[in-house]
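Trainee: Sharing a structure below in structure tokens format, with a few things to ask.
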Amino acid sequence: AQSVTQPDIHITVSEGASLELRCNYSYGATPYLFWYVQSPGQGLQLLLKYFSGDTLVQGIKGFEAEFKRSQSSFNLRKPSVHWSDAAEYFCAAVDSWGKLQFGAGTQVVVTP
Amino acid sequence: EAGVVQSPRYKIIEKKQPVAFWCNPISGHNTLYWYLQNLGQGPELLIRYENEEAVDDSQLPKDRFSAERLKGVDSTLKIQPAELGDSAVYLCASSRDRHDNEQFFGPGTRLTVL
């Protein structure tokens, strides 16, 4: 079955440290891939997307993601996190029926 | 440009009561989505509209849930009667059309059923 997996439910990172959030997908062909961020009480905001082309994608708020076909992964990274990056992050993919399918999310906590 | 608007933001009701959520998509967006987000999980699609037509409602529990988008603009999602398990966040999203894979989300309505 087509699925999106985020192996880490919760990640704690110090302010100023680097962050990497993992995402794996299971689809027959390469789907369109997305990362969204959800702050408490807010809707989802699109950070970046990958459709084709350059496998390193730049997004908003200093985030980037790298698509690796061989690993069926689309990991999100940020070199130096800020306290405002504390939120829940969702990886998502559009499946063969055009439906957006989300992972379970990774909660990021930023410590001083 | 105004984003996707949802109301109310919060709703607390007793079980067996009806409840309705309203969504106004971004102007010019033809495709509208309703998602259910349970605590600690990603959103799951309930229904998708292309203009006023529901083109994917396979995940909508039709015994108690209904939705409409009569004029192809704003939309209402209703639950009647609500059950304890319906407590969740209901998100609305829109996109320009069905070929546009970028969806814009509203802030959601957090429903608590007591």
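The values are calculated or read from the model by the stated rules, or taken from the named source; none is laboratory data. All figures in this text were calculated on a predicted structure; none of them were measured in a lab. Every residue, glycine as well, gets a Cβ built from its backbone with ideal geometry; the counts of neighbours run over all protein chains shown. Protein only, heavy atoms only, side chains kept; ligands, DNA and RNA dropped before computing areas. Shrake-Rupley method; radii C 1.70, N 1.55, O 1.52, S 1.80 Å.
Trainee: Please enumerate the residues belonging to the range B:12-25 that are within 14 Å of the chain's Cα centre (by Cα) and either basic (K, R) or surrounded by fewer than 17 Cβ atoms within 10 Å (Cβ to Cβ) (or both).
Mentor: First, pick out the residues of the range B:12-25 that are within 14 Å of the chain's Cα centre (by Cα): B:19-25.
The answer is B:A20, B:W22.
Trainee: Now, a different point. Please verify whether A:T30 is polar (S, T, N, Q) and under 23 Å from B:H99 (Cβ atoms), treating the condition exactly as stated.
Mentor: Values: polar (S, T, N, Q): yes; under 23 Å from B:H99 (Cβ atoms): yes.
So A:T30 fits the description; yes.
Trainee: Of everything in the range B:51-98, what is open to solvent by less than 30 Å² (accessible area, probe 1.4 Å), closer than 13 Å to B:P25 by Cα and not polar (S, T, N, Q)? Give them in sequence order.
Mentor: Answer for the range B:51-98, where residues must be open to solvent by less than 30 Å² (accessible area, probe 1.4 Å), closer than 13 Å to B:P25 by Cα and not polar (S, T, N, Q): B:R69, B:G72, B:L91, B:C92, B:A93.
Trainee: So which residues in the range B:34-45 are outside any loop (DSSP other than H, G, I, E, B) and either open to solvent by 10 Å² or more (accessible area, probe 1.4 Å) or polar (S, T, N, Q) (or both), if there are any at all? Spell out the reasoning first.
Mentor: In the first step, residues of the range B:34-45 are kept if they are outside any loop (DSSP other than H, G, I, E, B); the result is B:34-37, B:44-45.
Passing the criteria: B:L36, B:Q37, B:E44, B:L45.
Trainee: For the range A:72-82, check the following and say yes or no: at least one residue is in contact (Cβ under 8 Å) with a residue 40 or more places away in the chain, among the hydrophobic types (A, V, I, L, M, F, W, C), open to solvent by less than 10 Å² (accessible area, probe 1.4 Å) and within 14 Å of chain B (Cβ to nearest Cβ).
Mentor: In the first step, residues of the range A:72-82 are kept if they are in contact (Cβ under 8 Å) with a residue 40 or more places away in the chain; the result is A:72-82.
Subsequent filtering for residues that are among the hydrophobic types (A, V, I, L, M, F, W, C) retains A:74, A:76, A:81.
When the remaining residues are screened for being open to solvent by less than 10 Å² (accessible area, probe 1.4 Å), the result is A:74, A:76, A:81.
Then drop every residue that is not within 14 Å of chain B (Cβ to nearest Cβ), which leaves none.
No: the range A:72-82 contains no residue that is in contact (Cβ under 8 Å) with a residue 40 or more places away in the chain, among the hydrophobic types (A, V, I, L, M, F, W, C), open to solvent by less than 10 Å² (accessible area, probe 1.4 Å) and within 14 Å of chain B (Cβ to nearest Cβ).
Trainee: Another question, then. Which of (1) at positive phi; (2) touching a residue at least 12 places away in the same chain (Cβ under 8 Å) does B:G40 not meet, given it meets every other one?
Mentor: (2)
Trainee: Exactly one of (1) in contact (Cβ under 8 Å) with a residue 24 or more places away in the chain; (2) among the hydroxyl-bearing types (S, T, Y); (3) touching a strand residue (DSSP E or B) at 6+ places or on another chain (Cβ under 6 Å) is unmet by A:T30. Its number?
Mentor: (3)
Trainee: On to the next question. Answer yes if at least one residue in the range B:101-108 is part of a strand (DSSP E or B) and either of a type in the set (V, I, T) or under 25 Å from A:G105 (Cα atoms) (or both), and no otherwise. Walk me through it before giving the result.
Mentor: If we filter the range B:101-108 for residues that are part of a strand (DSSP E or B), which is where we start, we get B:104-105.
If we keep only those that are either of a type in the set (V, I, T) or under 25 Å from A:G105 (Cα atoms) (or both) as well, we get B:104-105.
So far as the range B:101-108 goes, yes, one or more of its residues are part of a strand (DSSP E or B) and either of a type in the set (V, I, T) or under 25 Å from A:G105 (Cα atoms) (or both).
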